[in-house]
Amino acid sequence: MSGKPGRLHVIVGCMSSGKTGELIRLLSRHRVIGDEIVIFKHAVDTRDGDKARSRLGTEMSAHVVSEPTEVAVEGRCVVAVEEAQFFGEGIVQRIQEILRDGCEVYVTGLNQDFRGEPFGVMPTLMSLADELSLLTAICQKCHGVATRTQRIIDGKPAPWDSPTVLVGGSDYYEARCPACHEVTGRPGSS
Ligand SMILES: [Zn+2]
């Protein structure tokens, strides 16, 4: 590849903050000028199959992978990784390799887990970013500014000690502001 340095743009925010819509908007600018684009999403994210689909109705095809080593560029110069929080530490090194090849890399993910704590590799990726978009949503309870992701299991706020990533459970998620965000059994609280 050329000597052009790579560039990392990280798009983070809570549930329903429009991360995929923003990703597709950013990538469509590359499509206009004929850049080859490839999107990867983690197999844990079973929504929408092999598509990255936004609530705006926009979509792009994506490769479903489970390991960072499967994030393969193959000559394309624009690479996107959706829901990067589902990958382990290996994704950081893989993204740095792709950046050294001079690629433009876009990453989306949840910056906080359901507890409101930093989520996996996302803080590291945010600190490596050349550009950072921090998106917000609207709180589904009070309609304030939502920055948190509320996990609900069987109609109740999830306990602190439930797994960070739940696969195939009866859980669902909604956007909440910090005041409406609830976690039961937080250490140090009654
Ligand atoms: Zn609220």
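The values are calculated or read from the model by the stated rules, or taken from the named source; none is laboratory data. Owing to the predicted nature of the structure, the values given are computational and were not obtained by experimental measurement. Neighbour counts run over all protein chains shown; Cβ positions are idealised from the backbone, glycine included. For accessibility, only protein heavy atoms count, side chains too; no ligands or nucleic acids. Shrake-Rupley method; radii C 1.70, N 1.55, O 1.52, S 1.80 Å.
Can you bin the stretch 7-137 into rounded, prolate or oblate? Criterion: square roots of the alpha carbon gyration tensor eigenvalues sorted a ≥ b ≥ c, rounded for a/c under 1.5, prolate for a/b above b/c, oblate for the rest.
It comes out rounded by the Cα gyration axes.
Skipping prolines and chain starts, which residues have an amide H placed within reach, meaning under 5 Å, of the one on M15, given they are 5 or more residues away or on another chain?
Distant-sequence amide H within range of M15: T149.
Taking amide hydrogens as modeled 1.01 Å from N in the peptide plane, which residues meet the under 5 Å criterion relative to F40, leaving out close sequence neighbours?
H63, A80, V81, E82
Treat every Asp and Glu Cβ in the chain as -1 and every Lys and Arg Cβ as +1, leave all other atoms uncharged, and give the resulting dipole magnitude about the Cα centre to the nearest 20 debye.
580
Enumerate the calculated ³J(HN,Hα) couplings along the stretch 62-78 in order (Karplus 6.51 cos²θ - 1.76 cosθ + 1.60, θ = phi - 60°), each rounded to whole Hz, writing x wherever the residue is Gly or Pro.
Listing the rounded values in order: 9, 8, 8, 9, 10, 10, x, 5, 7, 7, 10, 8, 6, x, 7, 9, 10 Hz.
For a quick check, take a GNM of the chain with Cα springs below 10 Å and name the residue from V65, V167, V12 with the largest mean-square fluctuation.
V167
Can you give the angle from 0 to 90° between the axis of helix 90-100 and the longest principal axis of the chain, with both taken from C-alpha atoms, to the nearest 10?
Relative to the chain, helix 90-100 is tipped by roughly 30 degrees.
Where in the chain lies the longest segment free of trypsin sites (Lys or Arg not before Pro) that are both loop residues by DSSP (not H, G, I, E, B) and have at most 12 other Cβ atoms within 10 Å?
Longest gap between qualifying sites, sites excluded: 56-190.
Quick check: the angle from helix 19-32's long axis to the longest principal axis of the chain, C-alpha only, nearest 10 degrees?
So the helix axis and the longest Cα principal axis differ by about 10 degrees.
Cα centroids of the stretch 124-157 and the stretch 50-76: how far apart, whole angstrom?
22
Need the list of lysines near K51 for cross-linking: C-alpha distance under 20 angstrom, and skip anything on the same chain fewer than eight residues off.
The qualifying lysines are K19, K41.
Of the options Y172, V65, F119, report the single residue whose Cα projects farthest towards the positive end of the charge dipole of the chain (beta-carbon charges: Lys, Arg +1; Asp, Glu -1).
In the chain, that residue is Y172.
What does the charge count around E74 come to, taking other residues whose C-beta lies under 12 Å from its C-beta (Lys +1, Arg +1, Asp -1, Glu -1)?
Charge balance in the 12 Å sphere: -2.
For K156, list the lysines whose Cα falls under 16 Å from its own Cα; do not include residues on the same chain fewer than 8 positions away.
Cross-link targets: K141.
At a 1.4 Å probe radius, carbon and sulfur cover how many percent of the accessible area of the chain?
51
Test of understanding: given the chain, find the longest segment containing no GluC sites (Glu not before Pro) that are in a DSSP loop and have at most 11 other Cβ atoms within 10 Å.
With GluC sites (Glu not before Pro) excluded where exposed in loops, the chain gives 90-190 as its longest stretch.
Once the Cα atoms of the stretch 27-91 are picked out, what are the Rg and Dmax in Å?
12.0, 33
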